[in-house]
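Chemist: Quick one: structure below, then a few questions.
The values are calculated or read from the model by the stated rules, or taken from the named source; none is laboratory data. Bear in mind the structure is a predicted one, so any value in this text is a computation, not a measurement. Cβ atoms come from the backbone with ideal geometry, glycine included; neighbour counts cover every protein chain shown.
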C-alpha cells in the first residue's frame, strides 16, 4: 500500500520536475515583459532533438549537449530579435500571439530540418532503476529533479539578488521608469529570451532519455508547464517549481487512484480552479492598480 | 444590379463550359490509370504513411518501367492528410471529383478511413484501406477493402499464445488513440472465448510520457501472469521501459502496432523478451524455404531497403499488398470500370502478399486467416520467430 503510494509520488515528482523547468522558462520572459511565451515548449523540443541529431552525427554526448543548448539559445535570441522586437510597441496580447506563431514555425522547421520520428537518447548515468522502499525511480529522474532544483535556485538568486535580475523585474513593472533610471530594456528583453531558451533546452535534454523526443514533444509539455506556472503564480520562481511538482503529483495520483482515463484532464482542471478561485496563483502577489 | 448579376453568371457558365470542352481537369481515360492515395505522411502516424507512400512510389515506377498495366501507365495522385479526419474528407473529395482517380489505396489510419467511407460508398469507387481496425470491413461495405490484419485477429493470436504458455489472468494497458481503443474493446470481448480473464484494465493518452502509475496498479493486482499493451507510436516503447523499471515480473505482450524496428530502437534493452504478433515480413530471412510467402517478402524487403536505405516495416508491406490487389484486379477486369474492378478485387483468391495469403469473398473484404500472423519474440534486439 505504502509502496504503491510512494511509486505514484516518485512518478509524479519526475514528471512534475519537468513541468517545473518549463514553468521557470515561462516565468523569466513573463518577468521581463509580461508576455507569456508559448514557444517555450519548442525550446524544450529543440534541446532534446538537437542533442539527438548531434550525437547521431558522431559527437560525444557532452559536446552534443553543450552545442544543443547553444543552438537553442541562439534561436531564442533570434526569435526575440526578428519577431518580438520589431513589434515591441504592440502591447502584450499581440506579442503573445506572435509567440504562438513562432512555436508553430519552430515545429515546422524542426520537422523539415530534422525529422518526424521519435528518438531515444541514452541516459546520463545508467538505466538500472533505484529501489526505495518497494518503489523504483530511474537515475535519470534524479537528474531531472536535480536540474530543476539547481536552476530554480540560480534563478531565485538572479531575480532577488543580482542587479541585472532586478533590472528585469523593473522593466516588467514599468518599462518607461526602468529606462529613465538607466536600464537597457531592449537588452533585458533579449536576455530573457536567451535565458528561457537555455532553461527550456536543459529541460528537453534532461527529459529526452525518459520520455523520448520528437518534433512535437513541446506541445503537451508547454501546456502542462503553463498550468504549473499559473498555479504557482506567474513570474514567481519558487512558485513555478512548486506548481510543477503539484501538477505532476496530482496527475500521477489521479492516474493511480482515480482513473488513468482522466490523467491529462487533471492539469487543466487545476488551471480552471486556480483561475476561478485564486487568479494570482499560490505565490503570486495580489496586484492592485492605482488609477 | 440584376443585369450585372446575369452578366457575371453568364461569364462563370461560359468559363465552366470552356473548361469542360477542353477537358482541363482529369486526363482522358485512355491514357493513364490514376491511382489515388491519401496517407498520414506527417504527424503522429507518419511511421505508417511514410513507408506506405515510399512503397507506392517505388512500385509504380517499376511497374511503369515494365510497360504498365493493360498497356497503360500508372499515375499516383497523393495527398498528405496527417491523422486528421477533416483533411481526409477533403482529400477524398478531391480524389473523386477533381482528380477522377480509378481506384483508391489508403488511408493509413482507422480514424481517417472511417471518416471517408460514406463518401466512398456514395461515389462508388473501390478503396483499399491500409488501416488496422476490424470495424472497417465488419460489417462489409460494398466498395471498401483492406490489407492489414485486424486488431481482433491480433487479440486471438496473442490469447492463443498466452493459453499455450498457461497464462489465464492478465492485465491490459491500452493507448486511448483510435487503434488502442479499438483493440482494447476487441480483446476484452474475445478474452472469455480463450478462458482468459482481464483483471486490470488501464489506459494512457497518446502523448503521455510516464506510465508508471498505471503499471504500478497492474503490478499490485494479485495473481497476474501477463500484460497486454495495445497501442502504437512511442507509447508502447515508454510502457516497455516503465515495465522493466518497475520490475513487473510478468510477460509483456505488444500488438502488431509496434511492428517496426523503431520500437526496438526506442525501448532498447527493455524490449528483450517482449512478444507480439506480426506479419511474416519482419522475419523474412528466418522463414522456411518452402514457406509460400518467402519469395514475396524477401523480394519486397530487399527492394525497399535497397531503394530507401531504411529497415522495412510491415506498414509499407500493407501498401505493397494494396497496390498488387488493385492492379491485378484491373488487369483481370480488362478495364478501369469501377464496378468491374470492385468485383475482381472481391474475387481475389490465393494472392500471396507480405501480410499473408488473401482469399476475399463478398462477406470477407480482408481475406486473411489467423495463420497470416506469426508470433515473434524480441531477442538480442532482433525479431525472432516463436512459431
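Chemist: Look through A:179, A:163 and report the one residue that is over 27 Å from residue B:82 (Cα atoms), out of contact with any helix residue (DSSP H, G or I) (no Cβ under 8 Å at 6 or more places or on another chain) and either more than 14 Å from chain B (Cβ to nearest Cβ) or without any contact (Cβ under 8 Å) to a residue 12 or more places away in the chain (or both).
Modeler: Checking each option against the conditions leaves just A:163.
Yes/no matrix, rows are residues, columns are (1) without any contact (Cβ under 8 Å) to a residue 12 or more places away in the chain; (2) within 27 Å of residue A:86 (Cβ to Cβ); (3) in the same structural domain as residue A:123 (by TED's automatic domain parsing):
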{"position": "A:195", "(1), (2), (3)": "no, yes, yes"}
{"position": "A:226", "(1), (2), (3)": "no, yes, no"}
{"position": "A:231", "(1), (2), (3)": "no, no, no"}
{"position": "A:235", "(1), (2), (3)": "no, yes, no"}
{"position": "A:244", "(1), (2), (3)": "no, no, no"}
{"position": "A:268", "(1), (2), (3)": "no, no, no"}
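Chemist: What do you reckon, is residue A:35 under 24 Å from residue A:148 (Cα atoms) and modelled with pLDDT of 90 or more?
Modeler: Spelling it out, it is not the case that residue A:35 is under 24 Å from residue A:148 (Cα atoms) and modelled with pLDDT of 90 or more.
Chemist: Let me ask you something else. What residue, of B:117, B:128, is farther than 12 Å from residue B:342 by Cβ and modelled with pLDDT of 95 or more?
Modeler: None of the others qualify; the one that does is B:117.
Chemist: Assuming residue A:203 fulfils every condition listed in (1) surrounded by fewer than 22 Cβ atoms within 10 Å (Cβ to Cβ); (2) at pLDDT 90 or above; (3) assigned by TED's automatic domain parsing to the domain that holds residue A:172 apart from one, which condition is it?
Modeler: Residue A:203 satisfies every listed condition except (1).
Chemist: Does residue A:116 qualify as being crowded, with 16+ Cβ neighbours inside 10 Å, touching a residue at least 40 places away in the same chain (Cβ under 8 Å) and outside any helix (DSSP H, G or I)?
Modeler: Here the answer is yes, as residue A:116 does meet what is asked.
Chemist: For the range A:119-134, name all the residues that are part of a loop (DSSP other than H, G, I, E, B) and buried (at least 17 other Cβ atoms within 10 Å of the Cβ).
Modeler: A:120, A:121, A:123, A:129, listed by residue number.
Chemist: Within the range B:70-87, how many residues turn out to be in contact with a strand residue (DSSP E or B) (Cβ under 6 Å, 6 or more places away or on another chain) and outside any loop (DSSP other than H, G, I, E, B)?
Modeler: Restricting attention to the range B:70-87, the residues satisfying the condition of being in contact with a strand residue (DSSP E or B) (Cβ under 6 Å, 6 or more places away or on another chain) are B:72-79, B:81.
With the extra rule that they be outside any loop (DSSP other than H, G, I, E, B), the set shrinks to B:72-79.
Total satisfying the criteria: 8.
Chemist: Does residue B:287 meet the test of being crowded, with 22+ Cβ neighbours inside 10 Å and away from chain A (no Cβ under 14 Å)? Outline the logic, then answer.
Modeler: Values: crowded, with 22+ Cβ neighbours inside 10 Å: no; away from chain A (no Cβ under 14 Å): yes.
When the stated conditions are applied, residue B:287 does not pass them.
Chemist: Which pairs do you get when a residue that is not assigned by TED's automatic domain parsing to the domain that holds residue B:348, found in the range B:312-328, comes within reach of a residue that is in a helix (DSSP H, G or I), reach meaning Cβ atoms under 6 angstrom, with the pair 6+ apart or on two chains?
Modeler: Taking only residues 6 or more apart or on different chains, not a single pair turns up.
Chemist: Moving on to the next point. Here are the criteria: (1) more than 20 Å from the chain's Cα centre (by Cα); (2) surrounded by 19 or more Cβ atoms within 10 Å (Cβ to Cβ); (3) more than 10 Å from every other protein chain (Cβ to nearest Cβ). Tell me which single one residue A:151 does not satisfy.
Modeler: (1)
Chemist: Residue check: is residue A:144 part of a helix (DSSP H, G or I), within 14 Å of chain B (Cβ to nearest Cβ) and modelled with pLDDT under 90?
Modeler: It is false that residue A:144 is part of a helix (DSSP H, G or I), within 14 Å of chain B (Cβ to nearest Cβ) and modelled with pLDDT under 90.
Chemist: Another question about this same structure. Against the condition over 20 Å from residue A:117 (Cα atoms), at the interface with chain A (Cβ under 7 Å from one of its Cβ atoms), in contact with a helix residue (DSSP H, G or I) (Cβ under 9 Å, 6 or more places away or on another chain) and free of Cβ contacts under 8 Å to residues at least 60 places away in the same chain, how does residue B:168 come out, does it pass?
Modeler: It is false that residue B:168 is over 20 Å from residue A:117 (Cα atoms), at the interface with chain A (Cβ under 7 Å from one of its Cβ atoms), in contact with a helix residue (DSSP H, G or I) (Cβ under 9 Å, 6 or more places away or on another chain) and free of Cβ contacts under 8 Å to residues at least 60 places away in the same chain.
So that you can scan it fast, the table gives a plain yes or no per residue for (1) away from every other protein chain (no Cβ under 11 Å); (2) touching a strand residue (DSSP E or B) at 6+ places or on another chain (Cβ under 9 Å):
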| site | (1), (2) |
| --- | --- |
| A:5 | no, yes |
| A:8 | no, yes |
| A:11 | no, yes |
| A:15 | no, no |
| A:20 | yes, no |
| A:23 | yes, no |
| A:33 | yes, no |
| A:37 | yes, no |
| A:41 | yes, no |
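Chemist: Within the group B:132, B:180, which residue is under 22 Å from the mean Cα position of the chain (by Cα), crowded, with 19+ Cβ neighbours inside 10 Å and within 14 Å of another protein chain (Cβ to nearest Cβ)?
Modeler: Answer to the selection: B:180.
One line per residue, one yes/no per condition, for (1) facing chain B (nearest Cβ under 10 Å); (2) out of contact with any helix residue (DSSP H, G or I) (no Cβ under 6 Å at 6 or more places or on another chain):
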| site | (1), (2) |
| --- | --- |
| A:197 | no, no |
| A:209 | yes, no |
| A:224 | yes, no |
| A:261 | yes, yes |
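Chemist: Name the residue, out of A:221, A:206, A:189, that is out of contact with any strand residue (DSSP E or B) (no Cβ under 9 Å at 6 or more places or on another chain) and within 24 Å of residue A:85 (Cα to Cα).
Modeler: Of A:221, A:206, A:189, the one residue that is out of contact with any strand residue (DSSP E or B) (no Cβ under 9 Å at 6 or more places or on another chain) and within 24 Å of residue A:85 (Cα to Cα) is A:189.
Chemist: Among the residues of the range B:351-384, what is the count of those that are surrounded by fewer than 16 Cβ atoms within 10 Å (Cβ to Cβ) and closer than 22 Å to residue B:152 by Cα?
Modeler: 7
Chemist: Condition first: modelled with pLDDT under 90, under 21 Å from residue B:130 (Cβ atoms), surrounded by fewer than 21 Cβ atoms within 10 Å (Cβ to Cβ) and facing another protein chain (nearest Cβ under 10 Å). Can you find one or more residues in the range B:210-231 that meet it?
Modeler: No, the conditions are met nowhere in the range B:210-231.
Chemist: On to the next question. Tell me whether the range A:57-75 contains one or more residues that are touching a residue at least 12 places away in the same chain (Cβ under 8 Å), within 14 Å of another protein chain (Cβ to nearest Cβ) and not in a strand (DSSP E or B).
Modeler: no
Chemist: Considering only the range A:91-113, state which residues are farther than 22 Å from residue B:208 by Cα, in contact (Cβ under 8 Å) with a residue 40 or more places away in the chain and within 14 Å of another protein chain (Cβ to nearest Cβ).
Modeler: none
Chemist: For residue B:155, which of the numbered conditions (1) closer than 17 Å to residue B:255 by Cβ; (2) within 15 Å of the chain's Cα centre (by Cα); (3) in a helix (DSSP H, G or I) fails to hold?
Modeler: (2)
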